[in-house]
1. So if I check each of Leu81, Leu109, which one is within 13 Å of the ligand (Cβ to nearest atom), within 24 Å of Pro127 (Cβ to Cβ) and either at pLDDT below 95 or buried (at least 17 other Cβ atoms within 10 Å of the Cβ) (or both)?
2. Of all residues in the stretch 23-41, which are of a type in the set (Asp, Glu) and either within 13 Å of Val100 (Cα to Cα) or out of contact with any helix residue (DSSP H, G or I) (no Cβ under 9 Å at 6 or more places or on another chain) (or both)?
3. Is the stretch 148-155 home to any residue that is of a type outside the set (S, T, N, Q) and free of Cβ contacts under 8 Å to residues at least 24 places away in the same chain?
4. Considering only the stretch 29-40, state which residues are free of Cβ contacts under 8 Å to residues at least 40 places away in the same chain and within 17 Å of Leu81 (Cα to Cα).
5. For Asn101, which of the numbered conditions (1) modelled with pLDDT of 95 or more; (2) more than 14 Å from the ligand (Cβ to nearest atom); (3) farther than 22 Å from Met138 by Cβ fails to hold?
6. If you go through the stretch 2-56, how many residues are surrounded by fewer than 20 Cβ atoms within 10 Å (Cβ to Cβ), under 12 Å from the mean Cα position of the chain (by Cα) and within 9 Å of the ligand (Cβ to nearest atom)?
7. Can you say whether Ala130 is at pLDDT below 95, of a type in the set (A, V, I, L, M, F, W, C) and under 16 Å from the mean Cα position of the chain (by Cα), as far as the supplied structure shows?
8. Mind checking which residues of the stretch 58-78 are at pLDDT 90 or above and either in contact with a helix residue (DSSP H, G or I) (Cβ under 6 Å, 6 or more places away or on another chain) or surrounded by 12 or more Cβ atoms within 10 Å (Cβ to Cβ) (or both)?
Amino acid sequence: MTSPVRAGIGFDIHRLVAGRRLILAGVEVPHERGALAHSDGDVVLHAAADAILGAAGLGDLGEHFPDSDPAWKDAASAAILGRVLEMARKAGWTPTSADVNVFLERPKLMAYKAAMRKRLAELLGLPPDAVGLKARTMEGLGPIGAGDAVAAQAVVMLARAGSI
Ligand code: MG
C-alpha cells in the first residue's frame, strides 16, 4: 500500500556576485552581493521546491524549469514554487511541514529569519509552526565560508490530499 505520507529532500547553491539582489525565502536581505542565477536565485525556495518534487515523485527543478527557458529568466522563485505546489496537488499531494537550513557566512540572518519563515509558510500554505528555518555559517570554510556562495537544504513532508 502506498504510504499517505512522503518526505522529500532538496538542496540548492548559488554563487554570490556584486550587482545582484540577495533573496532568501522571498525576503530581500540587504547585502553587497546577490545570487547569480537564471531566476532570482532564491536558494531556500529552490530547495523547498525540489524537495516537493522529490516527495511527489515528479523529478527535479532542472527538468521542469531549465536555465535555457526564457520564461523563467529573473523569475520570482515564489512563482516557481507555486507552480511546483500546483503540480504536487494535481498528483494528489499537499505539504504538511517543512524544515530548512540556510548556509550563509554574511550577513547574519538573525534579523530576517522570522520574516523568511513567515513567508515560506505562507507560500507553502502552512502555519508558521509547521515550518522551520535555521541559519548557519560555514565557520569560514570553503566557498560559502569565504562569502562566495549561499546554499540551502530543505526537507518537506507531503500527505495525500484528503488524508489530513
Ligand atoms: Mg537555484
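The values are calculated or read from the model by the stated rules, or taken from the named source; none is laboratory data. Because the structure is predicted, anything quoted here is derived from the model rather than measured. Ideal geometry is used to build each Cβ from the backbone, glycine not excepted, and the neighbour counts take in all protein chains shown.
1. The conditions single out Leu81.
2. Glu28, Glu32
3. no
4. Of the stretch 29-40, the ones free of Cβ contacts under 8 Å to residues at least 40 places away in the same chain are 32, 34, 36-38, 40.
Matches in the stretch 29-40: Ala37, His38, Asp40.
5. (3)
6. Number satisfying all stated conditions: 1.
7. Spelling it out, it is not the case that Ala130 is at pLDDT below 95, of a type in the set (A, V, I, L, M, F, W, C) and under 16 Å from the mean Cα position of the chain (by Cα).
8. Of everything in the stretch 58-78, those that are at pLDDT 90 or above and either in contact with a helix residue (DSSP H, G or I) (Cβ under 6 Å, 6 or more places away or on another chain) or surrounded by 12 or more Cβ atoms within 10 Å (Cβ to Cβ) (or both) turn out to be Leu58, Gly59, Asp60, Leu61, His64, Ser77, Ala78.
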